[in-house]
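Structure record follows, encoded as structure tokens.
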Amino acid sequence: MKRLDQVLAADGVPAELELVINDVIVACKDIAFKLRQGELAGILGATEDENVQGETQKMLDVISNDLLKDILIDNPYVKAIGSEEEDYTVASTTPGKYLVTFDPLDGSSNIDVNLSVGTIFSILEAPEDDRAADDQSIFLQNGRKQVAAGYVLYGPSALLVMSTGNGVNIFTLDTTVGEFILTKSGVQIPEDTAEFAINMSNQRFWEPEMKQYIDDCLQGEEGPLGKRYNMRWVASMVAEVHRILMRGGIFMYPYDNRDPSKAGKLRLMYEGNPMSMLVEQAGGASSTGRMDIMDVAPQGIHDRVPVVLGSKNEVAKVVAYHAK
Ligand code: AHG
Ligand code: MN
Ligand code: MN
């Protein structure tokens, strides 16, 4: 039985980074506890506010954001944080070396129906120059620069899935002692799959390349892809990525022209990049359809990105459709 701190020490993770990861985990345990209590804790429902992306904030979006923000901005090794639920990045009270971005509650439409949600986080090192902690540009580094990335999936069990660049480990929250215990290491995504996840209701808004790929999937063994596909859609990226890490699959949230000014629905810095690091660390692939997500240069903390990730050979097929 290995605890998270033992695994991080064995992986040679610097003590300062471990202390940052620990604070993320403390907040996530609190979120897990509140989710378990559900309606009894008075945490369900919507607020009257919208976030900077024009989405209605759920009570739990705000509660989870505050838990993560409050603990991290007082961590002496954190320089600043960026969150889906914060318009601007927030400087730490005593700026340190690391930058943390997070999606405090992913899949929020699932909260009120008691289905899986998660927290996603990504950690970067602050550039070694004299830019201030409240300067958003310190965050604008591509995903390859991440020193740690992970998510906590609040499902039947609470699971922490994390990478510090040395493969992917899975920890299960032992609620009897309040600790994450290592339950799987060296996670590998099967290279091939016949299971896709996409919100089909947006089909008419997709680009022709994506339409063609899904049309071909739907033709099954009679079509050009020569196999019968299954489909899943949980509406929580954390849950979809977790399924893919466990049994393979391909997840897509492509560009669509519902609002041509947006490059996609999902956000690069706290959804696309951390999930791409996990997927690549587990032997899978992650692309916009035209380039690796982790090579995309961010222009702003809330940038959006088209996402195609999962089993390596299937992602390569989608990339080939886009190259035609
Ligand atoms: P969030 O709840 O953080 O805004 O993210 C929701 C995301 C993602 O988790 C999921 O894959 C997708 O939005 C669901 O979108 P649809 O509403 O189109 O199903
Ligand atoms: Mn999200
Ligand atoms: Mn969210």
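This table checks each residue for (1) of a type outside the set (Ser, Thr, Tyr); (2) within 16 Å of ligand 2 (Cβ to nearest atom).
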| residue | (1), (2) |
| --- | --- |
| Tyr253 | no, yes |
| Pro260 | yes, no |
| Ala263 | yes, yes |
| Met275 | yes, yes |
| Gln281 | yes, no |
| Ser286 | no, yes |
| Arg304 | yes, yes |
| Val308 | yes, no |
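Evaluated against (1) over 25 Å from Gln37 (Cα atoms); (2) surrounded by 22 or more Cβ atoms within 10 Å (Cβ to Cβ), Gly223 falls short on exactly one condition, (2).
Count, please, the residues in region 263-288 that happen to be away from ligand 1 (no atom under 16 Å from the Cβ) and part of a loop (DSSP other than H, G, I, E, B). Even if it seems obvious, please write down each step before you answer.
Filtering region 263-288 for residues away from ligand 1 (no atom under 16 Å from the Cβ) gives 277, 280-285, 287.
Still in the running and part of a loop (DSSP other than H, G, I, E, B): 282-284.
So the count comes out to 3.
Inspection of region 192-204 finds a residue satisfying the criterion of being surrounded by fewer than 20 Cβ atoms within 10 Å (Cβ to Cβ), away from ligand 3 (no atom under 16 Å from the Cβ) and over 23 Å from Leu266 (Cα atoms).
A search for C-beta distances below 8 Å between a residue of region 97-114 that is more than 13 Å from ligand 1 (Cβ to nearest atom) and any residue that is at pLDDT below 95, counting only pairs 6+ apart in sequence or on different chains, returns Asn114/Gly38. Here is the figure for region 66-88: residues that are among the β-branched types (Val, Ile, Thr), in contact with a helix residue (DSSP H, G or I) (Cβ under 8 Å, 6 or more places away or on another chain) and under 28 Å from Gly45 (Cβ atoms) total 2.
Looking only at residues in region 40-69 that are assigned to a helix (DSSP H, G or I) and free of Cβ contacts under 8 Å to residues at least 12 places away in the same chain, the one that is farthest from the chain's Cα centre (by Cα) is Leu40. Figure legend. Inter-residue proximity from region 168-182: first residues on the phi < 0 side of the Ramachandran plot, second residues part of a loop (DSSP other than H, G, I, E, B) and of a type in the set (A, V, I, L, M), beta-carbon distance below 7 Å, spacing 6+ or different chains. Indicated pairs: Val168/Val187; Val168/Ala282; Ile170/Val187; Ile181/Met1. Determine, yes or no, whether Tyr253 is surrounded by 22 or more Cβ atoms within 10 Å (Cβ to Cβ) and in contact with a Leu (Cβ under 6 Å, 6 or more places away or on another chain). When the stated conditions are applied, Tyr253 passes them. Counting the residues of region 9-63 that are at pLDDT 85 or above, out of contact with any strand residue (DSSP E or B) (no Cβ under 9 Å at 6 or more places or on another chain), small (Gly, Ala, Ser) and within 25 Å of Tyr88 (Cβ to Cβ) gives 0.
The values are calculated or read from the model by the stated rules, or taken from the named source; none is laboratory data. Keep in mind it's a predicted model, so treat the numbers as computed, not measured. Don't worry about glycine lacking a Cβ; one is built from the backbone with ideal geometry, like all the others, and counts go over all protein chains shown.
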